[in-house]
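Worksheet: the structure to be examined is printed underneath.
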Amino acid sequence: ISGGDGGTGAAPLSSMKHAGLPWELGLVDAHRRLVELGLRDEVRLRVDGGLSTPRDLVMAALLGAEEFGLRKLLLVAQGCIMARVCEKNRCPTGIATHDPRFKAKYKGSPQHVVTLLRWLADGVRRLLARLGARSLQEIVGQRQWLEAAPAHGALVAARHIDIGPMHAPVPWMRSGPVPAPTGGWSAHEQELIEAVRLQLEATGRAEVERSVGNQDRAVGTGLAGELARRAARVRAVHRREPERPRASPFPAPDSIRLRLHGSAGQGFAAFTTEGASIELRGEANDGVAKSMSGGRVIVRPPEASHFLAEDNVISGNGALYGATGGTIYVHGRAGDRFAVRNSGATAVVEGAGLHACEYMTGGTVVILGPVMANAGAGMTGGRLFLPAEHRAQLNEEYVIASALEDDGEHERLRALLGDYLRATGSRTARALLADPAAIGHRLLRVWPRAALPMDQARALG
């Protein structure tokens with residue numbers, strides 16, 4: 001349960017001022033409802049959002065929390081002054097930066113954090129002693145120790161705030177340890193894995209068609225795990241018996257084809273590996289193809305759709321996060337943080353939200369349409385292409401844009417767009433390929449400043 005004070009540091013000021021509620025309200029409701037449904041023993045409630053004193057921790061425990069998130073407080077212990085320039089690589093205290101000039105200013109140490117946590121623990125111990133309790137667990141949800149502060153009575157009455165639920169008793173005491181998560185895959189994913197296994201054993205290839213819904217999370221990830229285990233076994237045999245002929249650890253490219261349709265939940269095709277080709281006709285939530293290392297992922301609109309793919313978002317936030325290889329084609333726009341920390345994957349997308357290609361170190365990303373602010377921030381490698389009319393959205397503190405001049409690169413880009421067109425039927429790609437000069441006129445190549453020699457960076461601006 002997180003408070004509404006924008007504690008991540010990424011929240012817009014408008015959200016911090018006008019959206020969200022205090023964690024106390026969310027915690028009270030969550031604890032009460034879980035008890036009513038008989039589910040409270042199945043979970044542990046964690047709270048965060050401005051916790052900074054022993055009193056805050058004890059208050060949270062009385063309202064139902066068993067765990068406590070401390071983030072901003074630990075940063076302050078290491079010297080953070082809340083300058084709010086974390087993403088600009090010039091943190092004045094040397095915490096959120098790679099710049100040696102600013103890193104030299106870092107004065108924090110692990111002992112500072114240890115000292116803070118010991119102070120918190122000692123303060124909590126003293127408050128528990130005053131309550132006659134021996135541990136935090138004993139007071140979780142025990143609201144009989146809470147009462148309204150008289151000093152705030154007039155304010156509560158003036159604003160017509162009902163604080164009754166805050167100290168209404170909710171009879172509950174944990175009866176035993178929280179059950180460990182099973183770690184198993186959903187029935188949907190198990191069926192998918194089994195269908196692929198049977199076909200691979202029979203013919204060496206597999207083609208499976210399934211529907212998915214937004215309750216189906218991490219579709220294809222279980223399959224990726226099985227393929228990774230298979231690869232590990234093959235490599236182990238190679239190490240034990242180096243004289244044996246070497247087999248490829250992964251199936252041949254495109255030997256596993258998944259054809260899915262519907263609205264996929266979080267983490268669709270995450271960790272996809274070599275040999276797998278996953279196509280979704282529909283839409284996908286956050287985390288599409290995150291950390292993929294090989295294979296191919298295609299997200300495109302349903303066959304019966306009537307909207308223009310290039311004008312509509314079809315993939316959520318964080319797609320391709322941390323990818324090291326493989327290819328993803330998104331026939332539609334993606335949300336924020338597309339291809340963040342990409343280090344080897346190839347991607348084509350019709351448009352992207354905020355912070356596209358942030359901290360990218362390798363791979364190729366082609367954005368054919370609109371992109372929002374801060375594209376390329378922290379980028380140190382890889383190739384990014386985007387329309388010239390959206391150049392203003394680049395963070396030019398880290399990247400430089402220039403026209404396509406290299407014929408070889410022009411041809412590689414044409415080949416990539418041709419493959420994207422065959423896979424998706426994109427109108428944007430078709431228009432670019434129809435005119436040999438369109439690609440060079442329409443798209444810019446984006447260079448990371450960190451990867452360019454100083455004289456070339458000066459020449460490009």
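Does PRO251 meet the test of being over 21 Å from HIS188 (Cα atoms) and free of Cβ contacts under 8 Å to residues at least 12 places away in the same chain?
no
For the stretch 231-246, the condition holds for at least one residue, the condition being that it is loosely packed, with under 15 Cβ neighbours inside 10 Å, touching a helix residue (DSSP H, G or I) at 6+ places or on another chain (Cβ under 8 Å), outside the structural domain of GLU42 (by TED's automatic domain parsing) and in a loop (DSSP other than H, G, I, E, B). For the stretch 430-448, what are the residues that are more than 17 Å from ALA388 (Cβ to Cβ) and either buried (at least 16 other Cβ atoms within 10 Å of the Cβ) or in contact (Cβ under 8 Å) with a residue 12 or more places away in the chain (or both)? LEU433, PRO448 - these are the residues of the stretch 430-448 that are more than 17 Å from ALA388 (Cβ to Cβ) and either buried (at least 16 other Cβ atoms within 10 Å of the Cβ) or in contact (Cβ under 8 Å) with a residue 12 or more places away in the chain (or both). Of everything in the stretch 71-83 that is part of a helix (DSSP H, G or I) and within 22 Å of the chain's Cα centre (by Cα), the residue that is modelled with the highest pLDDT is LEU75.
Please verify whether the stretch 293-301 includes one or more residues that are under 16 Å from LEU417 (Cα atoms), among the basic types (Lys, Arg) and in contact with an Asp or Glu (Cβ under 9 Å, 6 or more places away or on another chain).
First, the residues of the stretch 293-301 that are under 16 Å from LEU417 (Cα atoms): 296-300.
Remaining after also requiring among the basic types (Lys, Arg): 296, 300.
Okay, now just the ones that are also in contact with an Asp or Glu (Cβ under 9 Å, 6 or more places away or on another chain), so 296, 300.
There is at least one residue in the stretch 293-301 that is under 16 Å from LEU417 (Cα atoms), among the basic types (Lys, Arg) and in contact with an Asp or Glu (Cβ under 9 Å, 6 or more places away or on another chain).
If only residues of the stretch 339-356 that are of a type in the set (Gly, Ala, Ser) and in a strand (DSSP E or B) are counted, the one that is surrounded by the most Cβ atoms within 10 Å (Cβ to Cβ) is ALA352. Name every residue in the stretch 295-317 that is within 24 Å of ASN395 (Cα to Cα) and crowded, with 24+ Cβ neighbours inside 10 Å, in order of residue number. Scanning the stretch 295-317 gives a single hit, SER315. Would you call ASP286 surrounded by 18 or more Cβ atoms within 10 Å (Cβ to Cβ), more than 13 Å from LEU223 (Cβ to Cβ) and in the same structural domain as GLY335 (by TED's automatic domain parsing)? Yes; evaluated as a whole, the condition is true for this residue.
Enumerate the strands (runs of 3 or more DSSP E) found wholly within the stretch 249-338, keeping only those where 1 or more residues are at positive phi. It would help to see each step written out before you state the result.
Values: elements: 256-264, 276-284, 293-300, 313-315, 325-334.
Those strands (runs of 3 or more DSSP E) span 256-264, 276-284, 293-300, 325-334.
When the helices (runs of 4 or more DSSP H) confined to the stretch 84-167 are screened for residues that are surrounded by fewer than 12 Cβ atoms within 10 Å (Cβ to Cβ) and under 36 Å from the mean Cα position of the chain (by Cα), those reaching at least 1 such residues are found at 100-103, 110-131, 136-139.
May I ask you to list the residues in the stretch 168-210 that are exposed (fewer than 10 other Cβ atoms within 10 Å of the Cβ) and more than 28 Å from LEU45 (Cβ to Cβ)? Of everything in the stretch 168-210, those that are exposed (fewer than 10 other Cβ atoms within 10 Å of the Cβ) and more than 28 Å from LEU45 (Cβ to Cβ) turn out to be GLU201, ALA202.
The values are calculated or read from the model by the stated rules, or taken from the named source; none is laboratory data. All figures in this text were calculated on a predicted structure; none of them were measured in a lab. Here Cβ is always computed from backbone atoms with ideal geometry, including for glycine, and neighbour counts include all displayed protein chains.
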